1. When the residues of the stretch 1-32 are filtered to those that are surrounded by 10 or more Cβ atoms within 10 Å (Cβ to Cβ) and of a type in the set (S, T, N, Q), which remaining residue is modelled with the highest pLDDT?
2. Looking at Phe71 and the list (1) open to solvent by less than 90 Å² (accessible area, probe 1.4 Å); (2) under 21 Å from the mean Cα position of the chain (by Cα), which single condition is not satisfied?
Amino acid sequence: MAFNISAAIGPAIGGFLAARSYLLLFLADAAISLLTVVWWFLLLPESKPETHPGARRESIGQTFAGYGQVFRNTAFMLFLGAVMLEVFTYLN
């Protein structure tokens, strides 16, 4: 719902700011982007599991093998394709 609201109101606010000053539009964008970064950094916990001491480091080959496991998951790939079609349709 927040995305729908921002897609409806954002261009109007951007147009209002651009009509006043492009510098104002740029500064507003910079301030909102900085606020978003700080918000994500402070409020979202780290989701990467901690490595155990003495555990072997994962090689790049093992990392790509993990991606292969995801790509072989047919249900997930169909879901991802449907979501991509929906996003492309909505944003076009």
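1. Within the stretch 1-32, the match that is modelled with the highest pLDDT is Ser21.
2. In the conditions (1) open to solvent by less than 90 Å² (accessible area, probe 1.4 Å); (2) under 21 Å from the mean Cα position of the chain (by Cα), Phe71 misses (1) alone.
Residue by residue, here is whether (1) open to solvent by less than 90 Å² (accessible area, probe 1.4 Å); (2) assigned to a loop (DSSP other than H, G, I, E, B); (3) aromatic (Phe, Trp, Tyr) holds:
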{"position": "Trp39", "(1), (2), (3)": "no, no, yes"}
{"position": "Ser47", "(1), (2), (3)": "no, yes, no"}
{"position": "Thr51", "(1), (2), (3)": "no, yes, no"}
{"position": "Arg57", "(1), (2), (3)": "no, yes, no"}
{"position": "Tyr67", "(1), (2), (3)": "no, no, yes"}
{"position": "Met77", "(1), (2), (3)": "yes, no, no"}
{"position": "Leu80", "(1), (2), (3)": "yes, no, no"}
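The values are calculated or read from the model by the stated rules, or taken from the named source; none is laboratory data. This is a predicted model, so every value here is computed, not measured. Using ideal geometry, Cβ is built from the backbone for each residue, glycine included, and neighbour counts are taken over all protein chains shown. Ligands, DNA and RNA are stripped out before the accessible areas are found, and what is left, the full protein with its side chains, is counted by its heavy atoms. Shrake-Rupley method; radii C 1.70, N 1.55, O 1.52, S 1.80 Å.
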